[in-house]
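Coordinate-derived values only; no laboratory data. No experiment lies behind these values; they were computed from the predicted model shown. Every residue, glycine as well, gets a Cβ built from its backbone with ideal geometry; the counts of neighbours run over all protein chains shown.
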Amino acid sequence: MDCRVKPGNDCGWVNVYEAWYNLAAKSIFQGKEADMESIISNLLTRFEKGSLSRRELVQGLAMLAASGTAAAAQEDIDFKAADIDHVSIHVADLQRSVDFYQKMFGFSVVSQDQPQGIIRLGNTKVLVSLNHGSPAGIVDHFAIGIPRFSRESATRHLTQRGATPLQGDYAGLHVKDPDGISVQISQR
């Protein structure tokens, strides 16, 4: 089958994919992100010249959108949009601490892990995680919440900067700061 770019051929999808792949591969090998604007421009130009049908254009744009979503998942994590997700502290008496946070701040129990001796309090999301443990009154860890968290990208980000990521007892990924405080990185 002749799959050269020409109006009316049966290989439009192959042509769309090949055009997208060539532009994306060229950008990757040059160490740059694929320039989505130039890819879209190329697809539109080919459509306007008649070398792509409307269906092929839509397929190409859909493929580009899907690849953009996949590429965003692979990107480095971004701490510019980070916030403090929660603070986890050791307490001597869980019920006494729960009563305090409910009375003082109006927090309610968001979730709990009774076998582990953990009660998580907040409004609609966890703000304070109370862990029955000693020594009481210490911060077990605090969590930095980031959008688009993935364990792979967080691990890559931390190791590239000389840190050793640790698996947390629960969710997320942990790293120790210079003073030994555990910092959890998790999905916001």
Checklist entry - Between Val87 and Arg55, how many nm apart are label points set 7 Å from Cα along the C-beta direction? => result 6.1 nm
Checklist entry - Label point 7 Å out from Gln187 along Cα-to-Cβ: which residues of the range 121-145 have amide N under 18 Å? => result 124-127, 143-145
Next on the checklist: Quick check: residue separation of Asp177 and Gln102 times 0.36 nm, minus the Cα distance between them. What number comes out in nm?
Outcome noted: 23.9 nm
Item to check | Which of His157, Ile144, Ile185, positive extreme of dipole for the range 79-187 (C-beta unit charges) | outcome: His157
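Efficiency by 1/(1 + (r/R0)^6): what FRET value for Glu37 and Ser111, r their Cβ-Cβ distance, R0 = 41 Å, to the nearest 0.05?
Numbers: r = 44 Å, r/R0 = 1.07.
According to the calculation, E is roughly 0.40.
Where a ≥ b ≥ c are the square roots of the eigenvalues of the C-alpha gyration tensor, would you call the range 79-187 rounded, which needs a/c under 1.5, or, failing that, prolate if a/b is larger than b/c, or oblate? Can you show the working numbers first?
Details: a/c = 2.34, a/b = 1.71, b/c = 1.37.
Cα axes put the range 79-187 in the prolate bin.
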